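These notes concern the structure reproduced below.
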Amino acid sequence: MTTADQSVDLAYRAAARGAACWARDHRGQVRELPMARWIGGLDATRHDRLADEHVLSRCSARATLDLGCGPGRFTAALRTRASAALGVDNSAVAVDLTRRRGGTAIHRDVFAPLPAEGSWERVLLADGNIGIGGDPVRTLRRVTDLLAPGGIAVVEIDPLSAATGWEMLRWETHRHVGHWFPWSRVNAAVLGEIARSAGFSVIDVVNIHSRVIAVLAAELLAKTR
């Protein structure tokens, strides 16, 4: 039987070979997944490279935990900049792709025990990964377990034009249909409320060609540690 994680593995393998991959939600709506951006490298657009550089500038020279690292473009890039970085993903293929490009990554659920909890200077939730598990408040509260005092979360969210809220998704290709999993879409209009509910304050939001990157400071860390 193919598990949900294995179905994502199949999609990553197909995308790495150049195949189209899209997400279908529980309403039947379909959107193409930006696999070329996620994989990075020469196929990334100039605008995506600019947005990625902004993310990297927030994390460089800091110990960074990249949650939902995917094929590892950020984890590997930080490694080339002599920054300590660890990728985490529940896709074995994504972890393998990260390692092949020189990054360090582990195959694990982000809610499972992780190395050096409470010691990371940066926690990265790129490419909408604040939506992991379908509950962004729970995800951000998990981030507070991982951050060191004074650390920040770097979070990529959807543009204001995008719909927000909970959904069930599955990844599909022309040859594979994945399993359903919960997700949540967050944009700048709702980020402040979500962040406050999780004990964060929003200290910066930048829009780079419809890539929206926010920086969050964990208020609870200063009070409890």
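Values as computed for the structure displayed
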read-out	value
Residues of the range 179-193 that turn out to be small (Gly, Ala, Ser) and closer than 25 Å to Asn90 by Cβ, as a count	1
Residue match in the range 168-184 (condition: open to solvent by 30 Å² or more (accessible area, probe 1.4 Å) and of a type in the set (Asp, Glu))	no
Any hit, the range 149-159, residues being open to solvent by 30 Å² or more (accessible area, probe 1.4 Å) and either under 14 Å from Ile130 (Cβ atoms) or assigned to a loop (DSSP other than H, G, I, E, B) (or both)	yes
Residue list for the range 108-132, restricted to those being open to solvent by 20 Å² or more (accessible area, probe 1.4 Å) and within 13 Å of Val88 (Cβ to Cβ)	Arg108, Asp109, Phe111, Ala112, Pro113, Pro115, Ala116, Glu117, Trp120, Ile132
Single unsatisfied condition, Leu42 versus (1) of a type in the set (A, V, I, L, M, F, W, C); (2) over 19 Å from Val88 (Cβ atoms); (3) in contact with a strand residue (DSSP E or B) (Cβ under 6 Å, 6 or more places away or on another chain)	(3)
Residues satisfying the stated conditions in the range 83-104, i.e. touching a strand residue (DSSP E or B) at 6+ places or on another chain (Cβ under 8 Å) and touching a residue at least 60 places away in the same chain (Cβ under 8 Å)	Asn90, Ser91, Ala92, Ala94
Glu167 vs. criteria more than 18 Å from the chain's Cα centre (by Cα) and under 27 Å from His209 (Cβ atoms)	no
One residue from Ala85, Ala105, Ala77, Ala63 being closer than 18 Å to Pro34 by Cβ, at pLDDT 95 or above, touching an Asp or Glu at 6+ places or on another chain (Cβ under 8 Å) and among the aliphatic types (A, V, I, L, M)	Ala77
Test: residue in the range 193-212 that is of a type in the set (Phe, Trp, Tyr), open to solvent by less than 50 Å² (accessible area, probe 1.4 Å) and at pLDDT below 95	no
Within the range 73-105, tally of residues that are farther than 27 Å from Leu50 by Cα and hydrophobic (A, V, I, L, M, F, W, C)	1
Residue tally, condition under 22 Å from Ala76 (Cα atoms) and assigned to a loop (DSSP other than H, G, I, E, B), over the range 123-148	3
Any hit, the range 105-122, residues being part of a helix (DSSP H, G or I), farther than 16 Å from Ala214 by Cβ and touching a residue at least 24 places away in the same chain (Cβ under 8 Å)	no
Hits in the range 85-107 - residues which are farther than 19 Å from Glu117 by Cα and open to solvent by less than 20 Å² (accessible area, probe 1.4 Å)	Ser91, Val93, Ala94, Val95, Thr98, Gly103
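The values are calculated or read from the model by the stated rules, or taken from the named source; none is laboratory data. Everything quoted here is computed from the prediction, not taken from an experiment. Here Cβ is always computed from backbone atoms with ideal geometry, including for glycine, and neighbour counts include all displayed protein chains. The protein model used for the area step is the full one, side chains on, heavy atoms only, and it has no ligands, DNA or RNA in it. Shrake-Rupley method; radii C 1.70, N 1.55, O 1.52, S 1.80 Å.
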